[in-house]
1. Between residue 14 and residue 29, what is the label-to-label distance in nm when each label sits 7 Å out along the Cα-to-Cβ direction?
2. If contacts are Cα pairs under 8 angstrom and at least 6 residues apart, what is the relative contact order of the chain in percent?
3. Looking at the chain, send over the antiparallel percent of its DSSP beta bridges, to the nearest 5.
4. Based on the Cβ-Cβ distance from residue 317 to residue 151, what FRET efficiency comes out when R0 is 35 Å, to the nearest 0.05?
5. Once you place label points 7 Å from the Cα toward the Cβ at residue 90 and residue 310, how far apart are they in nm?
6. For a label point 7 Å from the Cα of residue 55 along Cα→C-beta, name the residues of the range 8-35 whose backbone N is under 12 Å from it.
7. Where is the GNM fluctuation largest for the chain (alpha-carbon springs, 10 angstrom cutoff): 26, 302, 112?
8. Fully extended, how many nm does the chain gain between residue 303 and residue 129 (0.36 nm per residue separation, minus their Cα-Cα distance)?
């Protein structure tokens with residue numbers, strides 16, 4: 001690296017909180033030092049101690065491997081578990097940072113989000129209460145530690161989590177360009193899951209009806225987006241593709257100048273991500289190539305678009 005690693009560290013912490021007053025206050029709280037002492041460190045009159053650097057990096061999930069530029073031949077990824085039902089204070093702050101960064105993309109003409117998925121992504125789930133509730137319930141059922149099966153009604157979502165979901169649902173629509181590639185069996189998998197939980201009496205008739213209502217509302221929304229090629233709320237461009245090959249899990253990348261990141265979503269509760277520019281570039285290229293085995297149904301190809309949504313509605317009618 002041509003620049004000193006310490007300069008990159010200062011740059012990294014400044015990106016966490018672009019507003020100087022907020023950055024200063026956060027550093028005061030973490031390091032238990034006075035405001036002037038923080039100013040001296042940010043002006044590089046005094047260096048952060050090794051212990052202070054480690055403490056900041058651990059608190060703000062900053063990868064020192066990437067900053068120091070260790071040439072190990074490996075690309076560092078970070079993995080984070082997020083409890084969307086009852087997020088901790090640290091998880092709430094992490095989600096707020098993501099939401100704020102997406103809001104900042106409003107006027108960015110180069111920002112792009114792409115998601116490849118075999119289950120509905122949070123970008124869509126967050127706007128539908130009972131559908132979002134179902135996915136969180138399913139995660140709790142599969143990976144919770146309770147001996148007895150949790151009923152759908154017992155998987156309560158905290159008020160803070162609901163508010164963050166609503167904010168996220170609006171913020172995610174600020175990207176200049178958004179691309180979705182759906183597994184062609186995505187809704188089949190979802191309906192099958194709902195039917196399973198209903199068959200073992202963990203979801204009752206009323207709850208199934210509410211989830212079904214949300215699913216129909218989601219299809220109405222997706223069809224409107226596909227017909228117009230943009231989000232109705234922000235008028236930002238959206239492309240929807242249907243993959244003709246099976247998709248293994250959910251992947252996504254966020255691309256914008258100086259804000260690149262790629263995500264892999266695993267076990268429905270972990271986010272594995274990296275800010276490594278080389279990896280993000282490779283990830284972006286690989287994901288774009290998935291379009292070769294996919295059919296675009298947004299704006300173009302009206303016949304396939306109509307057939308696709310007709311099939312999904314027929315599928316839901318049997319739920």
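Values in this text are rule-based calculations from the coordinates and carry no lab data. Note that the coordinates shown come from a computational prediction; the quantities given were computed from them, not determined experimentally. Neighbour counts are summed over all protein chains in view; Cβ atoms, including those assigned to glycine, are modelled from backbone coordinates with ideal geometry.
1. 2.2 nm
2. On the way: 405 pairs, mean separation 65.8, N = 319.
It rounds to 21 percent for the chain.
3. On the way: 23 of 36 bridges.
Roughly 65 percent of the DSSP beta bridges within the chain come out antiparallel.
4. On the way: r = 26 Å, r/R0 = 0.74.
Result of the calculation: an efficiency of 0.85.
5. Spacing of the two 7 Å Cα→Cβ label points: 5.3 nm.
6. What the label zone holds, given the 12 Å backbone N cut-off, is 27-34.
7. Among 26, 302, 112, the largest mean-square fluctuation in the Gaussian network model of the chain belongs to 26.
8. Numbers: separation 174, 0.36 × 174 = 62.64 nm, distance 3.10 nm.
Extra length from residue 303 to residue 129 when fully extended: 59.5 nm.
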